[in-house]
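*Asks:* My structure is below; once you've seen it, I'll send some questions.
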Ligand SMILES: *Cc1c(COP(=O)(O)O)cnc(C)c1O
């Protein structure tokens, strides 16, 4: 037989779409249920005070879910605004055809970035008088008003005007003719730590401070300025945090940030993480598995090699601590999680084959593995788990 010549048999130039032609479910992938997002938004909105609006926070590619899908279904569920972290994320949403108001939650400080924001109809978050002046000049240059939100710091010590100077600076800002203040907001630092008494009082103090400032600058609904303070946790803690709008991320994706769970709130996780079995081998008793040989088999063991690793966003420090689901049954992951693969003990299964699909996150039958569990086991927070998933994992919408 002749040797195959790669360039003859599989000339990639002839397959300009070869990446698209590879099955999205070839290795490991994220499945997203848009309808779950829509339902969660509807349900969360039903808990809001009258006329309170819902901003869907879709930063970090919609918390790893795909910002395009999330935005579409959040809007179907009644979200009236969207929140992103960066200029690029905002421009991307506009390129998808999103028409709703978009607030950039991060800070833009160069004239160039503020112009780009203006031209793409994105609202920046403004934390200084200088940025306000730049926006006013941009508005003047284009003969228009530049829409933006002002942020005031009430205890997070991140972005925002200093609270003790805000009232005075607001007087100046009010006189700027080429800006339109669409919102005034602040951010809670500790609302999700609802078990700790300290953090509860921090959260209440932030609310009181915010209310006091609002009273001093004398804005109310007639000014058409939206007042907002709550993230998911703040929104769920109490209606006192609702004001004119809430900015909701985590709970819209189906996870409550609070330890104390409201029994009437049935959030539905929108994401599943699935992976193919790429190889199966059987090892004898007393054989070590993966880097460092930290796992040694205590019996003859059948191993499935799964095509997913820490380069896909599975935290390496979950090694040996998680299960994987196949047909409503748990199988333990064993040995160190490697960059691109991990091993699972499937000795007890006769069904799992090369090419079978196993479930790392999500539900199958009565078995569920949640990012909340991964977060606890890897000593981090669910937000970090969700936005660690890398581009290498295709996102597939399943409804
Ligand atoms: C990310 C973010 C939110 C959403 O927070 P969740 O806890 O995910 O609901 C709200 N506001 C700001 C300013 C944020 O950066």
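We did not get these values from a lab; they are worked out from the coordinates using the rules stated. Please read these numbers as outputs of a predicted model, since none were measured by experiment. All Cβ positions, glycine included, derive from the backbone under ideal geometry; neighbour counts span all protein chains shown.
*Asks:* Could you check the simple spin-label distance between residue 279 and residue 119, using points 7 Å along Cα→Cβ, in nm with one decimal?
*Replies:* Label-label distance for residue 279 and residue 119, simple model: 5.0 nm.
*Asks:* When a footprinting reagent is the concern and you count Cβ atoms within 10 Å, what order do 207, 158, 27 take, fewest first?
*Replies:* The most exposed by this proxy come first: 158, 27, 207.
*Asks:* Cα centroid distance between region 332-399 and region 244-316, in Å?
*Replies:* Between the Cα centre of region 332-399 and that of region 244-316, the gap is 3 Å.
*Asks:* Shifting gears a bit: For region 53-154, what relative contact order do you get, as a whole percent, if you take Cα pairs closer than 8 Å and at least 6 residues apart?
*Replies:* Rounded, it is 20 percent for region 53-154.
*Asks:* What percent does the relative contact order of region 271-397 come to when contacts are Cα pairs within less than 8 Å and at least six residues apart?
*Replies:* Relative contact order here is 28 percent.
*Asks:* Relative contact order (percent) for the chain, with alpha-carbon contacts under 8 angstrom and 6 or more residues of separation?
*Replies:* RCO, the chain: 17 percent.
*Asks:* Of all beta bridges DSSP finds with both residues in the chain, what is the antiparallel percent, to the nearest 5?
*Replies:* The antiparallel proportion sits near 50 percent.
*Asks:* Separate question: Quick one: helix 197-217 against the long Cα principal axis of the chain, what's the angle to the nearest 10°, folded into 0 to 90?
*Replies:* Approximately 30 degrees, to the nearest ten.
*Asks:* Quick check: from the Cα gyration tensor, does region 70-170 come out rounded (a/c under 1.5), prolate or oblate?
*Replies:* It comes out oblate by the Cα gyration axes.
*Asks:* While we're on this one: Given a Förster distance of 30 Å, report the FRET efficiency between residue 311 and residue 261 from their Cβ-Cβ distance, rounded to the nearest 0.05.
*Replies:* For residue 311 and residue 261, the calculated efficiency is 0.35.
*Asks:* Further question on the same structure: Once the Cα atoms of helix 163-174 and of the chain are each reduced to a long axis, what angle between those two axes, in degrees from 0 to 90 to the nearest 10, is obtained?
*Replies:* Taking the Cα atoms of the chain, the angle to 163-174 is about 60 degrees.
*Asks:* Continuing with this model, one more query. Go ahead and estimate [θ] at 222 nm for the chain from helices alone: -39,500 (n - 2.57) per DSSP H run with n ≥ 4, summed, over the residue count, rounded to 500.
*Replies:* Using -39500 (n - 2.57) per qualifying helix, the result is -8500 deg cm²/dmol.
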